[in-house]
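Below is one structure, written out as structure tokens; comments come after it.
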Amino acid sequence: MIYGVKIKKLTVHCDERGRLAEIIRKDDDIFEKFGQVYMTTVYPGVVKGWHYHKKQTDNFCCVKGMIKLVLYDAREKSKTYGEINEFFIGEHNPMVVHIPKLVYHGFKGISETESIVINTITEVYNRKNPDEYRLPAHTKEIPYDWSRKDR
């Protein structure tokens with residue numbers, strides 16, 4: 001696993017009314033500090049990536065559908081430099097993935113319908129000077145192929 005990445009498997013409580021799962025709590029090992037929470041979606045087969053942050057830590061949780069979340073460690077001084085992690089998260093595998101600063105990440109919608117991702121981040125988004133450093137989804141700078149692996 002890439003250095004600094006943590007996962008939290010979610011416990012889902014079900015009854016005749018529906019489901020409940022705690023996503024992140026301030027007493028969790030993965031919690032650093034609160035900046036904001038936002039929701040993003042991805043359509044089936046679409047890739048959103050790549051980017052990293054210099055100040056912000058992300059905590060991704062897919063609450064509807066399924067996504068393939070991919071991380072790439074481009075930190076030259078990291079003991080896991082060049083490592084790639086794949087996480088299949090969502091309704092069938094509920095978890096939070098804690099993504100440290102400077103680690104590239106992106107995700108692909110792998111459900112038949114739109115997937116919904118909740119991200120709890122450590123900093124407030126700065127619209128005038130975003131803490132986002134991007135590469136195209138299919139760049140040669142990251143050794144990853146977004147296509148399905150069963151083909």
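Taking 0.36 nm per intervening residue step and subtracting the Cα-Cα distance, what contour gain separates ILE7 from THR113 on full extension?
35.7 nm
In the stretch 109-144, which GluC sites (Glu not before Pro) are in a loop and have at most 11 other Cβ atoms within 10 Å, using DSSP for the loop call?
In loop regions of the stretch 109-144 (DSSP not H, G, I, E or B), the sparsely surrounded GluC sites (Glu not before Pro) are GLU112, GLU141.
Just in the stretch 1-85: which GluC sites (Glu not before Pro) are loop by DSSP and have at most 10 other Cβ atoms within 10 Å?
Qualifying residues, ordered by number: GLU16, GLU76.
Could you pull out the pairs from LYS48/LYS101; LYS9/LYS101; LYS6/LYS128; LYS33/LYS68 whose alpha carbons sit more than 24 Å apart here?
Numbers: LYS48/LYS101 18 Å; LYS9/LYS101 21 Å; LYS6/LYS128 30 Å; LYS33/LYS68 26 Å.
Long pairs (Cα-Cα over 24 Å): LYS6/LYS128; LYS33/LYS68.
Roughly how many debye, to the nearest 20, is the charge dipole of the chain about its Cα centre, given +1 on each Lys and Arg Cβ, -1 on each Asp and Glu Cβ, and no other charges?
Rounded to the nearest 20 debye, it is 360 debye.
Just want the ordering: VAL103, VAL37, from fewest to most Cβ atoms lying within 10 Å of their own Cβ.
In increasing order of surrounding Cβ atoms, one gets VAL37, VAL103.
Given labels modelled 7 Å from the Cα in the Cβ direction, how far is it in nm from GLU22 to TYR81?
Once both label points are built, they end up 3.9 nm from each other.
With a/c under 1.5 counting as rounded, go ahead and sort the stretch 9-72 into rounded, prolate or oblate using the C-alpha gyration tensor (a ≥ b ≥ c being the square roots of the eigenvalues; past the cut-off, prolate if a/b is larger than b/c, else oblate). Walk me through the intermediate numbers first.
On the way: a/c = 2.37, a/b = 1.20, b/c = 1.97.
Taking the square roots of the gyration eigenvalues as a ≥ b ≥ c, the stretch 9-72 is oblate.
For an R0 of 41 angstrom, estimate the FRET efficiency from the Cβ-Cβ distance between ALA74 and ARG127 and round to the nearest 0.05.
0.95
Bear in mind these aren't lab numbers, they're just calculated from the coordinates by the rules spelled out. As the structure is a computational prediction, the values presented were derived from the model and not from experiment. As a convention, Cβ positions derive from the backbone with ideal geometry for all residues, glycine included, and neighbour counts pool all protein chains shown.
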